[in-house]
Each structure stands twice: as C-alpha cells, then as structure tokens.
Amino acid sequence: MFKLGKKIIIMLLVLGGVFFLSACDESEVEDYLVTYVFNETTKTTWPTEKGKAVKEKVPRQFRHNFMGWYLDDKPFNFRKRVTENITLVAKYNDDYENLVREIHIDLDDPSEMSVWEIEKKTYLDATLKLFNDDKFALEEYQIEIRGRGNSTWTNPKKPYRVKFPKATSILGMRKAKLYVLLADYFDPSGLRNYLAHSFSSLLNLDYTLETRFVELYFNGEYQGMYLLTEQVQIYKNRLDLTMEDNPDSGFLIELEDDSRMEGEGDEDFDWVKVEGRNYLIKYPKPKNHSEEDYRLKAAYIKNYLTDMMASFSDGTYEEYIDVGQFIEYFILQEIFKNVDINLSSVFAHKDEGKKLKMGPLWDFDISLGNGNYFNYSYHGYWAVNHPWLKLLLKDDDFRERYQARFIVVLEELLPEAIDDLVSKGEILRKYFNDDNALWNTFGKSYWPVTEEMEAALTHEAHINLIKEFLEHRQEWLLNNLDLLDDLP
C-alpha cells in the first residue's frame, strides 16, 4: 500500500512538473508580426498566435493557380514556430496550360430540354464532369441546370445557371451551391467580364467575384468558351450577410429599369421605388420570414434609401454609405464605361448595423468600347448617370476624394489590367478561335457589336481594340477629371 501511494505521488509530481514547464513555455512565447504580400500593391499584417503564423486566406489574383505562401523562395511550414518578424509572399503557378479547364454537362433526360423553349428557369437534372488536359475525368457531380439571362438567352450560344445539392468548391473556387456559365456571345473577345472581376481584385473592394475559363461540352457536344463564375448571392464564405427577423438585418438590392420589371412581384414587398427608381430586394428572401416581418424589412430599406439620397444633398452621406467602397466601385464602372450602370445589374449590399456598400460587380460584356446603342467611345463620362454618383459628385469633399483616388487607380493599377489583358489574350487565342469556328462571332454584324468590332476578324484584333480603348480611356480621364467639377 505504501509503495502504491509512493508511486502515485511520484506520478503527480512528474505530471505537475510537465504542466508547469508547459505553462512556462507557453507564457514565454513571444508574438511576432507576419506580413502577407499578395502583389506589389496589396498586403496584410497579422500577429502570431501562440507562436505560430495564422494562415491568410488564399489571395484572389489574376493567376488563379495559387501555389502557396513562400518564405525566402521556399514553401512556408505553418506548423513551425515563428521566432522573428517575417514576410510571406503569395506565389502562383506560371504554367498557363491549366488556365482553361474542360467541363462536361449531360442531362439525365435530354428530351426534357424542350421545356426551356417555354420557361428557361426550369431546373433539369444533370451530371457535371471536370476533365484535365488528358481528357481524364477528375470529378463528377449530380447537379441541376437551367437557362438564365434576358437578351443573352435569345442568342444561339446560351448562358446557364448550375445548382449543386450542397455547397461545393469546383476549380478551386469558394464553396457555394450556385454557379453561372456566362456565354459572352455579345463579346467576341470573351474577356470583358473576366477583366472587370480581375481588375476589381486590385481595388479596395470588400468582396469580388471569382472566375474561371472553361470549355463547355453539353450533352456531348462542344459549346465553346464560357466564363464560370459565382452567382451573385448571399453565402457564408462569399458575400456573408446576417439573416434575422429584425427589419435592419442584411440586404442585397439591385437597381432595375422599368422595362425589366415584369414578373418582379409586388411593390413595397419584392421591390421598392425611391425617387422614381426601382430597387429589387434580392436578399433577404420572403420564404425565410413571415409576411409581416418581410413587409417591415421592405419598409426599412425603402426608408433607408430615401434618407440616404437626401443625405447626398445635405452632406450627411457618410452616415449612410461606405464612401471608400462607393468610390472604388464607380471608378471601375467609369473606366470600363459599362452601359448598364444606370439601368440594371447594379448591386449594393448592407449588413445589420452597417453602412451601404456598392457591389458585387456584374455584367460587363457591353463595356470597353462595345455597344452600338450608346456613346461607346473612350471619351466622355458615363457612370455619372447613376442617380447616386450624380448627386455625390456635387459635394466638394466627395468629389475631391473621388478625383484623387481616380488618379492613383489610372496611373498605378490600370497598367496591370492592361498587361493582364494582353497575356491572357495570347494564351486564350487558340481557344477562342475554336469558339469562333463554332459560333462565327468574328467579323459578324449583330446586335450590339460596333463597327470597329465587326471589322475585327481575329481574336487578336478584338484584344487590341480593348487595349487601345483602355489606353485612350486612361489618357482622356487623366486629362479631364476637372470636368467633374462642373457636371450639370
């Protein structure tokens, strides 16, 4: 009995010593700073936790094949303790052969496809397969697919929405249930939507959309080049907003023109009208709340927008909007001269207790010198037609901040977008030549391409048109920012 008690005492002393040494070791851990460099202009710094680096999220840059975080050109081991301030650099695979991936979608019953002639929004059961360059199936999913778009759905090359049964990550994109396959039939270059989203990742926007280039095979037939992107939606690892019953919880709204309001539901419930403009409530959804609670929500966002617009005139707008986000968003829209900025596909979001922010960005196929039904030239202002920006630019403080940031973006960031356009154009040329062989979009007269685009007979010529537009646009804007001082 005595020997057993002695052993227990010794064990307790040993364990106590280990615990004491562990505690001392933990208390002596010194915190250091870890700087994460995304590119030449973007970086973040975080302190270590318990002596180890906190892994930063995967940065979204022009090249999508993220290799990892590197310290002195070697992969960094996040399991090791940090003993000094360090800088980690994001590295990407420069082998562009994986820039385009192959996707096969096959309907369970191809005969059901005829339903889309009546209602494009009907989901049909299908299988999605991802292939590598050797045509070896890597992943297979059961999905649902439907048509999408307004004027774009009337084209020979159709856009689609894909729905997974649960949140799924494909091609390295953040998990979600909904994805979109943009056909970009109106844009023979196939790069306008991509370029808008990739350029947005260089700006100080809190949320930007991911994209991937894919070759689509539908029911066994080649359909050409598509841009796979996330659907504009609320999701916890994407645009994450609160969903509560109280009236001021998260909102996603979209500016919509009168001509597109058919079938959008009831005013002051599914959408609200403020100062003569329509705003669809894309989130929250009525099904997630009682009718009474949802009507209170609609009334809240209508009152908020009404008061916000009044604040543009009395100078109290910083109580309602995230000024920096507004500036970044409208600068990109102005550089691209996007036709829809005062019409449709203009989103804004607001979380509970927070200010309104612009975005996410969407729908840029008719921009950058495309669109034969408006002044598509590189000179002249266009984003100023948006009702919010028009009023904000009358405020001296806002206008000065807008002009100052505009110069930085034009001089320091836009050249990166132009370089990206050229490099991607060279790599994607062979893919879009195959696409053109199927759809015959080069040198073709159809709405809404311009005369200059109609005269462009190769993919390289279309890339050069965009490059020339951006270079001339850059010069014109830098030389004419003072015109913003005297807008009517």
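The values are calculated or read from the model by the stated rules, or taken from the named source; none is laboratory data. Only a predicted model underlies this, so the values are computations on that prediction, with no experimental measurement involved. As a convention, Cβ positions derive from the backbone with ideal geometry for all residues, glycine included, and neighbour counts pool all protein chains shown.
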Would you point out which residue out of 267, 221, 275, 244 is closer than 24 Å to residue 182 by Cα and either in contact (Cβ under 8 Å) with a residue 24 or more places away in the chain or surrounded by fewer than 17 Cβ atoms within 10 Å (Cβ to Cβ) (or both)? 221
Given (1) within 22 Å of the chain's Cα centre (by Cα); (2) more than 30 Å from residue 184 (Cα to Cα); (3) of a type in the set (Ser, Thr, Tyr), where does residue 320 come up short, assuming only one miss? (1)
Those residues of region 204-214 which are assigned to a loop (DSSP other than H, G, I, E, B) and more than 12 Å from the chain's Cα centre (by Cα), in sequence order: 204
Single unsatisfied condition, residue 229 versus (1) of a type in the set (S, T, N, Q); (2) surrounded by fewer than 17 Cβ atoms within 10 Å (Cβ to Cβ); (3) under 22 Å from the mean Cα position of the chain (by Cα): (2)
Check 340, 322, 351 and return the single one that is touching a Gly at 6+ places or on another chain (Cβ under 6 Å), under 22 Å from residue 280 (Cβ atoms) and in contact (Cβ under 8 Å) with a residue 24 or more places away in the chain. 351
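When you look at residue 406, is it of a type in the set (Phe, Trp, Tyr), modelled with pLDDT of 95 or more and either touching a strand residue (DSSP E or B) at 6+ places or on another chain (Cβ under 6 Å) or assigned to a helix (DSSP H, G or I) (or both), yes or no?
Spelling it out, residue 406 is indeed of a type in the set (Phe, Trp, Tyr), modelled with pLDDT of 95 or more and either touching a strand residue (DSSP E or B) at 6+ places or on another chain (Cβ under 6 Å) or assigned to a helix (DSSP H, G or I) (or both).
Which of the strands (runs of 3 or more DSSP E) contained wholly in region 217-320 include at least 2 residues that are among the hydrophobic types (A, V, I, L, M, F, W, C) and under 20 Å from residue 341 (Cα atoms)?
So the answer is 251-256, 271-274, 277-283.
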Could you tell me whether region 264-278 includes any residue that is small (Gly, Ala, Ser), over 18 Å from residue 387 (Cα atoms) and at pLDDT 90 or above? yes
Could you check how many residues of region 477-488 are loosely packed, with under 15 Cβ neighbours inside 10 Å and assigned to a helix (DSSP H, G or I)? 7
Go through (1) part of a helix (DSSP H, G or I); (2) touching a residue at least 60 places away in the same chain (Cβ under 8 Å); (3) within 19 Å of residue 186 (Cβ to Cβ) for residue 447 and report which single condition fails. (1)
Where residues in region 441-476 are within 17 Å of residue 192 (Cβ to Cβ) and among the small types (Gly, Ala, Ser), which of them is surrounded by the most Cβ atoms within 10 Å (Cβ to Cβ)? 456
Restricting to region 155-177, what's the tally of residues that are part of a strand (DSSP E or B), at pLDDT 95 or above and not β-branched (Val, Ile, Thr)? 5
Within region 169-207, residues being surrounded by fewer than 23 Cβ atoms within 10 Å (Cβ to Cβ) and of a type in the set (D, E, K, R) number 4
